[in-house]
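Quick notes on the structure that follows.
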Amino acid sequence: MAAIKYRLIKKDSRTNARLGILETPHGVIETPVFMPVGTQATVKAMTPEELKEIGATIILSNTYHLYLRPGHKIIEKAGGLHRFMNWDRAILTDSGGFQIFSLSSLRKIKEEGVEFRSHIDGSKHFFTPEKVIEIQNALGSDIIMSFDECAPYPADYEYVKNSMELTIKWAERGKKAHKNTEKQALFGIVQGGIYEDLRKECAQRLVEMDFPGYSIGGLSVGEPKNVMYDIVDLTTEYLPENKPRYLMGVGSPDDLIEGVIRGVDMFDCVLPTRIARNGTVFTSKGKLIVRDAPYAEDFSPLDEECDCYTCKNYSRAYIRHLFKANEILAARLATIHNLYFLIKLMERIREAIRQDRLLEFKKQFFKKYGYKEE
Ligand SMILES: O=c1[nH]cnc2cc3nc(NCCN4CCOCC4)[nH]c3cc12
């Protein structure tokens, strides 16, 4: 029995959007889904109960960070990541490749693996495809990622071609090393930069290896939005309909809607939690910087149309005060609201697919939010 089971419930009649059900050993997930990011075994400022309250069904954590601190062996001794962080729903762990390139200083990429220095204490480490599988097996996450190289943007064709070849080899090695296939689903990660032929080749070769799901990597790394949308469009074309597609590191409300329209089922991004801690919140009428002066005597909720705990109980004036006073509750209330906003947005997207009116929903949401149509 495979670790996860994806069922395609309905295809949108006018776009590549899909309504699906993803069954995991830690619960059922309705897709398309937004996954809150809990890099260091916590979604910052949220308790697991609050995450359940706002409707989170799956969260992310990170191999690179947890290996460095507290160490995957400690988490294994605690009974695994679910037990350690008191989260009994689904967990997806990223493999760490992206974090090595975006966080650690010295690094050397070889076919065998990547040597890097910890961003915490500068200690030297060496990740191989086998090592990151071993770490994720110890963490016990329900969905695990292959070790890949996320090419920077921009990067020339030769570089991206070599990097993609390496990602394919590492995917094969990781698949061989992964023993716990009954409990943990290993996804392949499609690379290939902005080059159509490389994306096609990478997707086809990963599909031949028959993974239970596929991530679209190498995006949301500084490329223009329309470039990202085009690469997503062409990559999903070569991915099987009956397996979930996960667009890594995405995203903002418009990116989520555009990604769903192009056939993506799963998304993650630090944006909602990160900007919340800096005093910026999503509202149905666009982003709002609640710490700004105009809200000092604004006793309305962050968003009139939101029914989250924060919007039901607190005013903009109060939340602005908390930010100005550097109170911890500021980050908590803004985070609850931002995560609820995106999780609710995905629920409304799923309802729009059910009623075959996704494009109308997009138009209405974009108009109100202040986005211009692509
Ligand atoms: O190819 C990838 N492989 C494995 N993990 C990834 C994670 C990724 N995360 C992003 N983008 C994150 C962009 N964030 C947007 C909000 O601000 C912080 C950065 N792109 C990513 C690509 C990959």
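The values are calculated or read from the model by the stated rules, or taken from the named source; none is laboratory data. For clarity, every value in this text was computed on a predicted model and none was experimentally measured. All Cβ positions, even for glycine, are placed from backbone atoms using ideal geometry, and neighbour counts span all protein chains on display. Accessible surface areas use protein heavy atoms only, side chains included; no ligands, DNA or RNA. Shrake-Rupley method; radii C 1.70, N 1.55, O 1.52, S 1.80 Å.
Points to keep in mind about this one:
- Filter result for Arg7 (open to solvent by 10 Å² or more (accessible area, probe 1.4 Å) and outside any helix (DSSP H, G or I)): yes
- In the set (1) away from the ligand (no atom under 16 Å from the Cβ); (2) assigned to a helix (DSSP H, G or I); (3) touching a Gly at 6+ places or on another chain (Cβ under 9 Å), Asp88 fails one condition alone, (2).
- Filter pass, Glu258 being acidic (Asp, Glu) and either open to solvent by less than 20 Å² (accessible area, probe 1.4 Å) or at positive phi (or both): yes
- Residue within segment 268-275 that is in contact (Cβ under 8 Å) with a residue 40 or more places away in the chain, surrounded by fewer than 22 Cβ atoms within 10 Å (Cβ to Cβ), among the β-branched types (Val, Ile, Thr) and more than 30 Å from Ile9 (Cβ to Cβ) present: yes
- Residue in segment 306-320 that is open to solvent by less than 30 Å² (accessible area, probe 1.4 Å), in a helix (DSSP H, G or I), among the β-branched types (Val, Ile, Thr) and without any contact (Cβ under 8 Å) to a residue 40 or more places away in the chain present: yes
- Among (1) farther than 17 Å from Ala155 by Cα; (2) touching a Cys at 6+ places or on another chain (Cβ under 7 Å) - the single one Tyr214 does not satisfy: (2)
- Pair list, Cβ < 7 Å and 6+ apart or interchain, from segment 336-359 residues that are more than 17 Å from Asp255 (Cβ to Cβ) to residues that are assigned to a helix (DSSP H, G or I) and open to solvent by less than 10 Å² (accessible area, probe 1.4 Å): Ile336/Thr310; His337/Thr310
- Of all residues in segment 129-139, those that are within 18 Å of Phe84 (Cα to Cα) and touching a strand residue (DSSP E or B) at 6+ places or on another chain (Cβ under 8 Å) total 3.
- Search result, residues across segment 121-138 that are within 16 Å of the ligand (Cβ to nearest atom) and farther than 21 Å from Asn162 by Cβ: Lys131, Ile133, Ile135, Gln136
- Within segment 117-206, strands (runs of 3 or more DSSP E) holding 3 or more residues that are at pLDDT 95 or above and surrounded by fewer than 24 Cβ atoms within 10 Å (Cβ to Cβ): 124-127
- Pairs linking a residue in segment 99-121 that is closer than 15 Å to Ala151 by Cα and among the basic types (Lys, Arg) to a residue that is in a strand (DSSP E or B) and open to solvent by 70 Å² or more (accessible area, probe 1.4 Å), with Cβ atoms under 8 Å and 6 or more positions apart or on different chains, are Arg107/Arg117.
- Residues within segment 336-360 that are part of a helix (DSSP H, G or I) and more than 22 Å from Ile54 (Cα to Cα), tallied: 3
- Strands (runs of 3 or more DSSP E) (entirely within segment 211-283) containing at least 3 residues that are away from the ligand (no atom under 11 Å from the Cβ): 280-283
- You will find that of Val43, Val28, the residue that is open to solvent by less than 10 Å² (accessible area, probe 1.4 Å) and under 20 Å from the mean Cα position of the chain (by Cα) is Val43 and no other.
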